[in-house]
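The values are calculated or read from the model by the stated rules, or taken from the named source; none is laboratory data. Nothing here was measured: the structure is a model prediction, and the numbers come from that model. No Cβ is skipped: glycine too gets one built from the backbone with ideal geometry, and neighbour counts run over all protein chains shown.
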Amino acid sequence: MEGKKSIGIQSKKEEDLSKWYEEVCLKSELVEFAKVKGFMVIRPRGYSIWEKIKENFEKIINKPLGVKNAYFPILIPESFFKKESEHAEGFTPEVAWIDKELTKDSERLAIRPTSETIMYNSYSRWIRSYKDLPLKINQWCNIVRWETKATRLFLRTREFLWQEGHNVYETDEECEKETIEIIKRYKKISEDLLGIPVLVGKKSEKEKFAGAKHTYTIEAFMPDGKALQCGTSHNLGQGFAKVFGISFLGRDEKKHFPFQNSWGLSTRLIGGVVMTHSDNSGLVLPPKVAENQLVIIPLIFKGKEKEVLKKSEEVFKSLKKFNPIMDNSEDYSPGYKFSEYELKGIPLRIEIGPRDLEKGVVTLVRRDTKEKSESKIKDLQKEVPKILERIQKDLFLKAKKRMEDSIIKVKTKEEFEEGMKNKKLIKMDWCGKTVCEEKIKDETGATTRCVTFEKKKISGNCPFCSEKAIEEMYFSRSY
């Protein structure tokens, strides 16, 4: 426990979500503002969540799919960046440039907004034969996107942490299959680890990654009625291979250009966890991403100190695998400690007092529902994992229900506009045309999110332009 008393969350989630969100992030000690606008300091409590994501990622994606980790430079020569015109055009507004020349003859250098160009320069030397394929490489690194003006902790900052995978394949079929497989595994990370339900599907032509054939995405829906893009996987086709000279000698002994994909998720997932699950008492974390899954608080009464502390220590040691916090400090009241650990999002609290000892039990308090229960001390090693598993499941189901309740199907422009006013996630049979997409954004503020993989029967015309509808698209405002 820190020597200085924390002040609880003053804002209400249902009244001012933006202010509430910032308070929870700061007061739960996940993050703080950096001195440079748009940047943040990720504190140990916040970084531990990122480490859990990385650990899960390695198990779900890297090891099963044979992806290897590597690292590439943060500075990218301007000539690399400009080789792929659509990519360069898409990222030019976001690029931060180094204005200091490293040598007299050196060209201008960009701080990476993404690493396709610097990595593919190396790939052009590494790949010679079909025997070198598939090449599957991921890197964990930081990214700078300078165009960002309206910044928000974790969700939109000028610098953030992410992973970016860049794979190369012999055939288009293999590339497409794994591009989709990766986005499905991102969905698993989001839902099974973080408890964040997502839509998974394909982006529109306008919203796809600059230079890609097409982009797949996982989209979460936040309590304020905005979508949060949580991860993307891009089929790049052969475009980057051709401009960067990546080719291989095929099985037919002829020269071929390979097929590529790129895919990434970032620390904005931490913001998604905070906004999805937390409440007016502070941070709520799914147990799987909590560094400390429980806190033990002895209730000290005069004359009973020794036996309570002794039993608390025994319980602490028996539950070591949950990385518990033991708070036996005498500086603060139990009530203050309860509030403090609720603020910090510890999933489960164990209270041990003299009366509990007389009955051979402890009191268990869930962080998500604040529900209290008793457990025999001898049964704790069985009961604690059951409760943590229920918390994990319940957080996901609660978030899933909220998202599903927010989805509405509209058939008219008026229904669409009414849905936007009510902060809904809208699905609509749509024409698929960029000019219509731009019109919808200009008139309503909504952007396309994705066309899901589910096969839907499409009928009628687009409500906005009256052209024939060809797909069911999800729309909402977004971060």
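Side notes on the structure shown:
- Looking only at residues in region 280-309 that are in contact with a strand residue (DSSP E or B) (Cβ under 7 Å, 6 or more places away or on another chain) and aliphatic (A, V, I, L, M), the one that is surrounded by the fewest Cβ atoms within 10 Å (Cβ to Cβ) is LEU309.
- The strands (runs of 3 or more DSSP E) located wholly in region 387-479 that include 2 or more residues which are under 19 Å from ILE218 (Cα atoms) and among the small types (Gly, Ala, Ser) occupy 471-478.
- Members of region 193-210 found to be in contact (Cβ under 8 Å) with a residue 60 or more places away in the chain and surrounded by fewer than 24 Cβ atoms within 10 Å (Cβ to Cβ), listed by number: LEU193, PRO197, LEU199, VAL200, GLY201, LYS202, LYS203, SER204, GLU205, LYS206, GLU207, ALA210
- The set of residues from region 407-455 being surrounded by 15 or more Cβ atoms within 10 Å (Cβ to Cβ), within 25 Å of the chain's Cα centre (by Cα) and not aliphatic (A, V, I, L, M) comprises LYS423, LYS424, LYS427, LYS441, THR447, THR448, ARG449, CYS450, THR452.
- Residue match in region 67-85 (condition: modelled with pLDDT under 95, touching a Gly at 6+ places or on another chain (Cβ under 8 Å) and surrounded by 12 or more Cβ atoms within 10 Å (Cβ to Cβ)): yes
Residues checked against (1) farther than 27 Å from LYS19 by Cα; (2) assigned to a loop (DSSP other than H, G, I, E, B):
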| site | (1), (2) |
| --- | --- |
| SER262 | yes, no |
| LEU265 | no, no |
| LEU285 | no, yes |
| GLU291 | no, yes |
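- Given (1) out of contact with any strand residue (DSSP E or B) (no Cβ under 8 Å at 6 or more places or on another chain); (2) more than 30 Å from LEU299 (Cβ to Cβ), index of the condition LYS378 fails: (2)
- Of all residues in region 157-177, those satisfying the criterion of being in a helix (DSSP H, G or I), surrounded by fewer than 21 Cβ atoms within 10 Å (Cβ to Cβ) and not basic (Lys, Arg) are ASP172, GLU173, GLU174, GLU176.
- Tally, over region 100-133, of residues that are in a loop (DSSP other than H, G, I, E, B), over 15 Å from ALA70 (Cβ atoms) and modelled with pLDDT of 80 or more: 6
- Condition check for LYS59: in the same structural domain as ALA212 (by TED's automatic domain parsing), in contact with a helix residue (DSSP H, G or I) (Cβ under 8 Å, 6 or more places away or on another chain), without any contact (Cβ under 8 Å) to a residue 24 or more places away in the chain and among the basic types (Lys, Arg): no
- Across region 278-304, the qualifying residues are those that are within 19 Å of the chain's Cα centre (by Cα) and of a type in the set (A, V, I, L, M), and the one among them that is farthest from SER339 (Cα to Cα) is VAL289.
- The residue that is nearest to ASN235 (Cα to Cα), counting only those in region 66-99 that are in contact with a helix residue (DSSP H, G or I) (Cβ under 6 Å, 6 or more places away or on another chain) and part of a helix (DSSP H, G or I), is ALA88.
- Lone unmet requirement of (1) on the phi < 0 side of the Ramachandran plot; (2) modelled with pLDDT of 95 or more for PHE154: (1)
- For ARG349, the conditions (1) farther than 30 Å from HIS166 by Cβ; (2) out of contact with any Phe, Trp or Tyr (no Cβ under 7 Å at 6 or more places or on another chain); (3) of a type outside the set (Gly, Ala, Ser); (4) modelled with pLDDT of 95 or more all hold with the exception of (2).
- Only listed residue being over 32 Å from the mean Cα position of the chain (by Cα), surrounded by fewer than 19 Cβ atoms within 10 Å (Cβ to Cβ) and of a type in the set (S, T, N, Q), chosen from SER312, SER318: SER318
- Residue in region 313-322 that is in contact with a Ser or Thr (Cβ under 9 Å, 6 or more places away or on another chain) and either in a loop (DSSP other than H, G, I, E, B) or over 13 Å from GLY353 (Cβ atoms) (or both) present: no
- Contact map, region 220-243: first residue touching a residue at least 40 places away in the same chain (Cβ under 8 Å), second residue assigned to a strand (DSSP E or B) and β-branched (Val, Ile, Thr), Cβ cut-off under 6 Å, separation 6 or more or different chains; pairs are GLN229/THR217; CYS230/ILE218; GLY231/ILE218; THR232/THR215; THR232/THR217; HIS234/THR215.
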